[in-house]
1. Note down the magnitude of the dipole of the chain about its Cα centre, charges +1 on Lys and Arg C-beta and -1 on Asp and Glu C-beta and zero elsewhere, to the nearest 20 debye.
2. How much accessible area per residue does region 29-141 have, counting only protein heavy atoms and a probe of 1.4 Å, in square angstrom?
3. Given axes a ≥ b ≥ c from the Cα gyration tensor, I'd like to know whether region 84-126 is rounded (a/c under 1.5), prolate (a/b larger than b/c) or oblate.
4. Around Thr160, which amide H atoms from residues at least 5 apart in sequence, or from another chain, sit under 5 Å from its own amide H, with H modelled in the peptide plane?
5. Can you give the FRET efficiency to the nearest 0.05 for Asp68 and Ala149, using r as the Cβ-Cβ distance and R₀ = 25 Å?
Amino acid sequence: MNRYIIMTVGKTHSGKTTFANELEKKLVNAVVIDQDSHAEFLQLQYPRLVPSDGPNLLKYALTRAVVDYAVNETDCHLILSNSNLKMNSRRALLEEFHSKGFTSILVHLNIPDSVLRERVAASTRSTNILRTAASFKEVLDGQQTEAIALSESEADVLITIIQTDETANAIRRVVEIVKGEEE
């Protein structure tokens, strides 16, 4: 069986977690790995261990352990629900999965900034996961300087969602790709 890595790419409040969770419900034998969940767990369970500045190495180590376990000890398809905005990090991760025989699907949630600003303003999401920003507005403001350069050559399949109403079709397309491979 060919295994898939489905990686979301998008700014805060673009719908990455919602997309990943909906896809997991429709895709047999898939698991969502969400770094925000790891950050929240660490903030709640080990607040003294979470660094106050610099990279959150503990969060990255926890995510790495979960990913490694899923890759080496299961036959699950993986849905990575992170921002994955940095091209070099994203490409290195995809190369690692390709070297292990995974087929990759990038899902770029390229929702207009005006919609993201509205979502952030109306958000009731806990800010517990934030360390270096005081609000999701601050996170979104910081992401404005990050150019998201995606290339068709990065992944085996690239799907772009620009409008919220395209999400269901994108999920359907991923499921069809994976199921088509399994049949």
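1. Values: 20 positive and 25 negative charges, 98 e Å.
Roughly 480 debye, rounded to the nearest 20.
2. On the way: 6130 Å² over 113 residues.
So region 29-141 comes to 54 Å² accessible per residue, rounded to a whole number.
3. On the way: a/c = 3.15, a/b = 2.86, b/c = 1.10.
Note, shape of region 84-126 comes out prolate.
4. Under 5 Å from the amide H of Thr160 lie the amide H atoms of His108, each far enough along the sequence or on another chain.
5. Working: r = 28 Å, r/R0 = 1.12.
Efficiency, rounded to the nearest 0.05: 0.35.
The values are calculated or read from the model by the stated rules, or taken from the named source; none is laboratory data. The structure displayed is predicted, hence computed values, not measured ones. Ideal geometry is used to build each Cβ from the backbone, glycine not excepted, and the neighbour counts take in all protein chains shown. All accessible areas refer to the heavy atoms of the entire protein, side chains included, with ligands and DNA or RNA removed. Shrake-Rupley method; radii C 1.70, N 1.55, O 1.52, S 1.80 Å.
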